[in-house]
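J.: Pasting a structure below so you can have a look.
Where a number appears in this text, it was derived from the coordinates with a stated rule and is not lab data. In this text the structure is predicted, and so the values were computed from the model without any measurement. All Cβ positions, glycine included, derive from the backbone under ideal geometry; neighbour counts span all protein chains shown.
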């Protein structure tokens, strides 16, 4: 296992590699900042440039781009309420209110610190699991994957905010929206909404998420512009504010660890990525936290969102490096880079090229840490965006959202989906609904259905397959416990209140 | 009747229509294809119907309230709700601007729609002066063209009027 | 004086005409058609797949073999089950600005399943340029499966479960098991060949049917090859019998074809064909493809057209079975 560390580190400390790692981190950071784009597009564009590079340099470069985009996405999420990448959706909920009351610098710094530490925890777990990573990947068959996704879905119970009926109803709508399109198992084109081609691949998640989060807020900001609502004044400014953000993260160590672990577990299941860990970790923290500022700019909530999405890289890399199964779309592009440089990725990678595994590990770490350090250093200048008049900022944001949404597939209809979901999100928020149940339902339903039906195919229709493996059973019991917790707690607290009133 | 025309009711109604659309179509699919949609769609439709009925009988919803002690996630965010009472004309105006953006991009493409939208919105909605509006429009246009088209080499949509075809829907 | 000018003029004219005539007589066009300065190489696969990697290498090296050294941009248009990218090229103007790339059996499987209207293209109407990566398909089983030959699988008392992705993998499983008479059931929905392999090794199924180079990498993990769908043994697996040797003469292969939209002029197509022919003799390019783990075979336009016609006939023959299986999985 430790063979290969020495050549990997030796390559890292060469001036050329350091230069490319730094460049890769900046490229990823900038790509993450722009709504709709992210590490996938940045890596795809960078791939041809790696042709002439020495192999290890190329892998360091691509790995740094891969992991640095998520923190980049936190910057517009906090400053203008638009997630730069789908993995920053929940970051908007706490980060933006902080920025609106003038604590943008502090929020960016919290995000940078939580991202860096979450990323390090994620990568550390990858390193620790290297000896057992192949059996771990083979453990997660369709029944286990279904149970894991189910566990994620029951966190909807934490996200309903006050009323279970309304929360579950909107979660159901989110699930139905995700089922639009071609079923990868059955081959049926479901709920076409009049489409014969465009919706074949379903509602595109980047278009939907940037619309429902970003554009809905842009609509609200546009109305503020109309009313002449003044821009925020910055408090906790300068280096002092940034340092305060770093200190804040260390006041919530258990939140950091719990959320990072959530990110890692979600990352291991193929097809379920950073966007899921972000909302699931946040939803759990939101209900368990005693912080009265949850939903209104809570430090603890921000830490949960930003640590989990970076820890996911450690989980994503597990099936990728162990088996050549990309844990996320970004890992698929990283694999392409490895293949182009003569390293086909699969179970043989850990047998024959352990130094490559260490290069990927160190590259992911370097990308995360460098992007967060750069973000920390420029936080106090970036936060000034919140002082600009909304009338000037809002149309720019709208156009960047629509351009980013279009750029993902270069399909005009994605622009309309973004607008449609933005209007939908606006009306949900205006009438007191939370967006989280819709998002969780939308992100997780596809993976849940695929795993469920595949499991039934394997067992020739017998549902007992879900109860056969210990992993599956543990996850099922955890789901039941998680689902019942808010209901039971609410019931007992209500009883206590009535008892106190009577007394 | 007035209650039926309230925003929340219309929203629930639209979501209910979508849920029923999914349920009805799912009934015509094969076993494996309809399992999940029905398992989710039917309860969703029932819950949405309950939410609509609750307009006249609020006690239905009250029973499903979840209170988790001090967690403010369960308290309605009073500031947010106050803000949410936007005038319908303001809402319609904002949606109108978005439709304009979509139509503009479709007809004349990003290259022209981006600066035009930014300029017009900043000037007429945001009440910025002409100089600021023009400056921001030019900067945004330069960024979109420079970053998306020249650097990332995405072929940004040029508009139906300039020869690009709308993709198949 | 006037007479001598006329003679000079006549001689000059005759000289110029004869130059033109002689150019045509030896088959050279008087002028090479221009290619656009930016060319989109459209493939219906996401970044990171085998076709994507090979196409990116082509995009990097091909410009120097085309007049004007144009810029190639690889476009991943992966929607609609692999149909979107092919449709994009089908609808594009035949001016050379769009060049398509697709696995031939993938595109033809879509046409067989959905018909020309449903697929959105008629593959036979594309103007073929060349094809590469000609790999026979194979059938392999997991470490605990009891089968040692195609006949063993045929004699199985219960349907043999196959892990499969969509498109050509599934289609080839249906065709081969129907042709041989193997009772089969599909475990569909695996996203990509590596996931299907993981399913095989985990025991979700007993067999897979994938390309030989890809499958070969998993032999050390316990995957056992049963047959190669070809007429001659492969140098990669010299000890594995072909389906023909086992009494089932089936030729199922994958190939990556490049093509222009329907109606592209022959002269323009020939410019691309010449460039690609030279590219596949370029040692630096061939080394880059091999470094990426792929074998750079080459078939010219005529041979590619024969492959397409032959596969098209095969898919047409089994189209009812493909649709029947698709209906059953619903």
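J.: Please give the FRET efficiency for residue A:54 paired with residue A:128, using the beta carbon to beta carbon distance and R0 = 30 Å, rounded to the nearest 0.05.
T.: E between residue A:54 and residue A:128, to the nearest 0.05, is 0.55.
J.: Would you please give the FRET efficiency between residue A:464 and residue A:240, computed as 1/(1 + (r/R0)^6) with r the Cβ-Cβ distance and R0 = 41 Å, to the nearest 0.05?
T.: Efficiency, from the Cβ-Cβ distance: 0.10.
J.: In deg cm²/dmol, rounded to 500, what helix-only [θ] at 222 nm does chain A give when every DSSP H run of at least 4 residues adds -39500 (n - 2.57) and the total is split over its residues?
T.: Roughly -24000 deg cm²/dmol at 222 nm, from the helical runs in chain A.
J.: Expressed as a whole number of Å, what is the distance separating the alpha-carbon centroids of segment B:30-50 and segment A:300-373?
T.: If you average the Cα positions of each part, the centres end up 38 Å apart.
J.: Name all residues of segment A:103-132 having a backbone nitrogen under 19 Å from the label point set 7 Å from the Cα of residue A:9 along its Cα→Cβ direction, giving them as ranges.
T.: The answer is A:120-121, A:123-131, whose backbone nitrogens lie closer than 19 Å to the label point.
J.: Next question, about the same structure. Between C:301, C:34, C:269, find the one with the highest GNM mean-square fluctuation for chain C; connect C-alpha pairs within less than 10 Å.
T.: C:34
J.: Of all DSSP beta bridges in chain C, what percent run antiparallel (nearest 5)?
T.: Of all bridge pairs located within chain C, approximately 55 percent are antiparallel.
J.: Mean shadow of segment A:73-116, computed from the convex hull of its alpha carbons, in nm²?
T.: 2.4 nm²
J.: Under the 0.36 nm per residue contour assumption, what length would be gained going from the current alpha-carbon distance of residue A:478 and residue A:373 to full extension? Walk me through the numbers before you get to the answer.
T.: Working: separation 105, 0.36 × 105 = 37.80 nm, distance 3.68 nm.
Here the segment from residue A:478 to residue A:373 would lengthen by 34.1 nm.
J.: Quick one: if you stick a label point 7 Å off each Cα along the C-beta vector at residue A:351 and residue B:27, how many nm between them?
T.: About 5.5 nm, to one decimal.
J.: If you don't mind, there's one more thing I want to ask. Using only the alpha-carbon atoms, how far is helix C:266-279 inclined from the longest principal axis of chain C? Give it as 0 to 90 degrees, nearest 10.
T.: 60 degrees
J.: Let me ask something additional. Would you order A:381, B:97, A:348 from fewest to most other beta-carbon atoms within 10 Å of each residue's own beta-carbon?
T.: A:381, A:348, B:97
J.: Shifting gears a bit: Rank the residues B:22, A:372 as a footprinting-exposure proxy: fewest other Cβ atoms within 10 Å of their Cβ go first. Write down the numbers at each step before the final one.
T.: Details: B:22 27, A:372 31.
Fewest-to-most ranking of B:22, A:372: B:22, A:372.
J.: Also, I was wondering about something else. Testing the spin-label approximation: label points 7 Å from Cα along Cα→Cβ at residue B:116 and residue C:277. State their distance in nm.
T.: A separation of 4.9 nm, rounded to one decimal place.
J.: Separate question: First obtain the Kirkwood hydrodynamic radius of segment B:7-65 from its Cα pairs, then insert it into the Stokes-Einstein equation at 37 °C and 0.692 mPa s, and state the resulting D in µm² per second as a whole number.
T.: D = 269 µm²/s.
J.: Please identify, among C:222, C:275, C:82, the residue showing maximal mean-square fluctuation in a Gaussian network model of chain C using a 10 angstrom Cα cutoff.
T.: Of C:222, C:275, C:82, the most mobile in the Gaussian network model is C:222.
J.: State the extension gain, in nm to one decimal, for the chain segment bounded by residue C:125 and residue C:321, taking 0.36 nm per residue of separation less the distance between their alpha-carbons.
T.: Additional length available on full extension: 68.1 nm.
J.: Between residue A:498 and residue A:2, take the C-beta separation as r, use R0 = 51 Å, and let me know the FRET efficiency to the nearest 0.05.
T.: Details: r = 61 Å, r/R0 = 1.19.
Rounded to the nearest 0.05, the efficiency is 0.25.
J.: Please average, across the residues of C:46-57, the number of beta carbons from any other chain that are within 10 Å of each residue's own beta carbon, and give a whole number.
T.: Average neighbour count from other chains, rounded to a whole number: 6.
J.: Follow-up question, since we're still on this one. So what are the three principal axis dimensions of segment B:97-169 from its Cα atoms, in whole Å, longest to shortest?
T.: 40, 28, 16
J.: Same structure, new question: What Kirkwood Rh does chain A have if only Cα atoms enter the pairwise 1/r average? Answer in Å.
T.: Values: mean 1/r = 0.0436 Å⁻¹.
Every distinct Cα pair counted, the radius reaches 22.9 Å.
J.: More than 25 angstrom separation, counting every C-alpha pair in segment A:352-503; what % is that?
T.: Numbers: 7922 of 11476 pairs.
Cα-Cα pairs of segment A:352-503 separated by over 25 Å account for 69 percent.
J.: Looking only at the protein assembly as shown, where both bridge partners belong to it, what percent of the DSSP beta bridges are antiparallel (to the nearest 5)? Walk me through the numbers on the way to the answer.
T.: Values: 22 of 37 bridges.
Of those bridges, close to 60 percent are antiparallel.
J.: Along Cα→Cβ, 7 Å out, is where each label goes; now give me the distance between the ones at residue A:247 and residue C:178 in nm to one decimal.
T.: 7.3 nm
J.: Sticking with this structure for a sec: Counting other beta carbons within 10 Å of each residue's own, what order do A:128, A:438 fall into, fewest first?
T.: A:128, A:438
J.: So what is the relative contact order of segment C:138-251, in percent, for Cα pairs below 8 Å that sit 6 or more residues apart?
T.: Relative contact order for segment C:138-251 comes out at 35 percent.
J.: Related question: Would you work out the Kirkwood radius for chain C? I mean one over the mean of 1/r across all pairs of different Cα atoms, in Å.
T.: That comes to 21.7 Å for chain C.
J.: Evaluate segment C:138-251: find the radius of gyration of its Cα atoms, find its Kirkwood radius, and give the ratio Rg to Rh.
T.: Expressed as Rg/Rh, it is 0.92.
J.: Given the alpha-carbon gyration tensor of segment A:1-126, what are the semi-axes of its equivalent ellipsoid in whole angstrom, ordered largest first, with each equal to the square root of 5 times an eigenvalue?
T.: They are 30, 17, 11 Å, listed from largest to smallest.
J.: With each run of n ≥ 4 DSSP H residues scored as -39500 (n - 2.57), what mean residue ellipticity at 222 nm is computed for chain C after dividing by its residue count and rounding to the nearest 500 deg cm²/dmol?
T.: Calculated mean residue ellipticity at 222 nm is -14000 deg cm²/dmol.
J.: Right, here's the next one. Once you have the Kirkwood Rh of the protein assembly as shown from its Cα pairs, apply Stokes-Einstein at 20 °C and 1.002 mPa s and quote D in µm²/s.
T.: Details: Rh = 29.8 Å.
Calculated translational D: 72 µm²/s.
J.: So what is the relative contact order for chain A, in percent, with contacts set as C-alpha pairs under 8 Å and at least six apart?
T.: Relative contact order here is 29 percent.
J.: Let me ask you something else. In percent, how large is the relative contact order of segment B:7-65, given Cα pairs closer than 8 Å and 6 or more residues apart?
T.: Once divided by the residue count of segment B:7-65, the mean separation gives 38 percent.
J.: Multiply the residue gap between residue C:270 and residue C:144 by 0.36 nm, knock off their C-alpha separation, and tell me the result in nm, one decimal place. Don't skip to the answer; put the middle values down first.
T.: Working: separation 126, 0.36 × 126 = 45.36 nm, distance 5.17 nm.
This chain segment gains 40.2 nm when fully extended.
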